[in-house]
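The values are calculated or read from the model by the stated rules, or taken from the named source; none is laboratory data. In this text the structure is predicted, and so the values were computed from the model without any measurement. Reconstructed Cβ throughout: ideal geometry from the backbone, glycine too, with neighbour counts over all protein chains shown.
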Amino acid sequence: MNDFPTLSWPDTDGPRTVRWRSEAGVPPPKRVVLADDRTTADAAYRLACEGTALLWRGDYQNARQLLQAMARRADRKPHKAPASLLDAFNLHRQAQSQRARTLGMVLIPLEGDYTIPLRRAPDVRLACEEAWGPATSDASAVSLRELLGLIGAHEWRKKGVEIPALNHARIHPYYGVFSPVRGEYVDLVARTPLPSIDLAFDIGTGTGVLSAVLAARGVKQVVATDQDPRALTCARENLARLGYGERVQVVEANLFPAGRAPLVVCNPPWVPARPASPIEYAVFDPDSRMLRGYLDGLKDHLEPGGEGWLILSDFAEHLGLRTREALVEMIANAGLQVIGREDIRARHPKAADRTDPLHEARAKEVTSLWRLKVRGA
């Protein structure tokens, strides 16, 4: 019996069933029709809004153009005026979810070796292998929107992200691993005075970028942790490429490794809200679970006199998802005290984009590195 979901549709030669691929965890559409170059954007958009998926049989580049036309129609939908920033956030997430669901209804077939059996289709085999592992003999289908994201991630992985704090070396993110395109938190770790250069823990390392910065600053040994297999492999590869493979040990762990360190660093997801898909756990931390877990466990993993660094944006505070008082209370309840804080203003493009529905919050955003120690230590 297959341990993966399947997609079925009526074909000219009878019903067909293939493997369904969705990194976002979206279930396979129940209704599927065949579509090709004769399908109009209006017809496709109407079917998608009704929950009917379109399995594409025409020219691949025409499918991309169709998806763009459908996106323009989705973006023309009137938006309800929000009553508050929190309301704006909820409406924005709702609209994003609906848009993704509708545009995800254009499906692309894949052969068992990840080739696309369509005219003018690109070679996506390497991108698919990076995301899904080695090809099998299973034919499959995937939403074109998700496939384009996978291709984009492959290009990011090849090109890498330049990190000024690493003397402009590049970090190469894997598909599904949070990319360090927001440099503010990296700069905070690069400039805050180190309490020790003997040992540091990097909790939830992701691409390994903060471990690399700590090693570049002279920390003799770093233990980096993560639970995601992709992140673990990604971090090891980046650190080896940068020449820090011997000094940084990457281990699988739920938050903390064994032992104590004079410096423990964590950059948890900044928004305490429910992610819409598994890939969003790098941004959304439901009920502040990772934040609370880090704070509550920190005192048991700090050496006497050691510092815990918490890197957190106040974006959630501006949205009304968390208050500063609640954060300070979490720190106190964990038996910790604040001994200092480094702040940096947001400089990403959305902070200056007045058309963004969350611009008011983004324009005020400050990312902080909270220096913590065990209370009374």
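Observations, loosely collected:
- Yes/no for Pro349 being within 26 Å of the chain's Cα centre (by Cα), assigned by TED's automatic domain parsing to the domain that holds Gly183 and loosely packed, with under 15 Cβ neighbours inside 10 Å: yes
- Ala332 vs. criteria more than 17 Å from Thr225 (Cβ to Cβ), surrounded by 14 or more Cβ atoms within 10 Å (Cβ to Cβ) and of a type outside the set (Val, Ile, Thr): no
- Within region 320-345, residues that are assigned to a loop (DSSP other than H, G, I, E, B) sit with their Cβ atoms under 6 Å from residues that are surrounded by fewer than 14 Cβ atoms within 10 Å (Cβ to Cβ), at 6+ positions apart or across chains, in these pairs: Gly335/Arg375.
- Scope region 35-49; condition farther than 19 Å from Asp75 by Cβ and surrounded by fewer than 16 Cβ atoms within 10 Å (Cβ to Cβ); matching residues: Asp36, Asp37, Arg38
- Number of the exception - Glu307 against (1) outside any helix (DSSP H, G or I); (2) surrounded by fewer than 19 Cβ atoms within 10 Å (Cβ to Cβ); (3) in contact (Cβ under 8 Å) with a residue 40 or more places away in the chain: (2)
- The criterion of at least 2 residues that are crowded, with 22+ Cβ neighbours inside 10 Å and among the small types (Gly, Ala, Ser) is met, among helices (runs of 4 or more DSSP H) falling completely within region 177-273, by 209-216, 229-241.
- For region 127-170, filtered to residues that are of a type in the set (S, T, N, Q) and not in a loop (DSSP other than H, G, I, E, B), the residue that is nearest to the chain's Cα centre (by Cα) is Ser143.
- Filter result for the condition that a residue is of a type in the set (D, E, K, R) and touching a His at 6+ places or on another chain (Cβ under 7 Å), over Arg247, Arg341, Arg260, Arg324: Arg260
- Filter pass, Asp113 being under 20 Å from Leu150 (Cα atoms) and in a loop (DSSP other than H, G, I, E, B): yes
- Any hit, region 264-287, residues being over 18 Å from the mean Cα position of the chain (by Cα) and hydroxyl-bearing (Ser, Thr, Tyr): no
- Residue within region 310-318 that is in contact with a strand residue (DSSP E or B) (Cβ under 6 Å, 6 or more places away or on another chain) and among the aromatic types (Phe, Trp, Tyr) present: no
- Among residues of region 274-299 being touching a residue at least 12 places away in the same chain (Cβ under 8 Å) and assigned to a loop (DSSP other than H, G, I, E, B), the one that is surrounded by the most Cβ atoms within 10 Å (Cβ to Cβ) is Asp285.
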